[in-house]
Amino acid sequence: MTKTIIQTDQAPAPVGPYNQAIVATGQFVFVAGQICLDPKTGTLVGEGDVVKQTLQVMANLNAILTAAGATFQDVVKTTVFLADMNDFAAMNAVYAKYFDEATAPARATVQVSRLPKDVLVEIDCIAVIERTAG
């Protein structure tokens, strides 16, 4: 996979661990939005705590990316859904641990009126990987 970071001073600079855009070649992996469900128990993790919830969301994303033969380095786009934009800084601090600012994916973060199971955060992503034929 080739992944080229797009940065221009003709648009606002990123305000966190993400890039303005990524140009990627290879095969796309579209990962559905993940919430803080523990895959072993099916129960929610970190009730009322956006840091604990984000940690579980990132663990869930990592498991799916790994199953697809990808890593966080292959992610080119994420969307973060927050129940309360006041949780942005806390979520962002956890999120930043998974992405190097220089190669981080493009990202959108939005506040929504409600998330599944009334969680505080949901994140989806798109990754691009190289696959060999056969």
Would you check if there is a residue in segment 72-92 being over 14 Å from Pro105 (Cβ atoms), in contact (Cβ under 8 Å) with a residue 60 or more places away in the chain and loosely packed, with under 15 Cβ neighbours inside 10 Å? no
Taking the residues in segment 50-71 that are over 14 Å from Ile123 (Cβ atoms) and touching a residue at least 60 places away in the same chain (Cβ under 8 Å) as candidates, determine which candidate is least open to solvent (accessible area, probe 1.4 Å). Ala68
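Looking only at segment 1-39, filter to residues that are part of a loop (DSSP other than H, G, I, E, B) and surrounded by 15 or more Cβ atoms within 10 Å (Cβ to Cβ); which one of those is modelled with the lowest pLDDT?
It comes out as Met1.
Is there a residue in segment 119-130 that is surrounded by fewer than 20 Cβ atoms within 10 Å (Cβ to Cβ) and closer than 16 Å to Ala32 by Cα?
Yes, segment 119-130 has at least one match.
The values are calculated or read from the model by the stated rules, or taken from the named source; none is laboratory data. Everything numeric in this text was worked out from a predicted model, so none of it was measured. Positions of Cβ are generated from backbone atoms using ideal geometry, with glycine treated the same way; all protein chains shown enter the neighbour counts. For the accessible areas, the whole protein counts, side chains as well, though only heavy atoms, and no ligand, DNA or RNA atoms are used. Shrake-Rupley method; radii C 1.70, N 1.55, O 1.52, S 1.80 Å.
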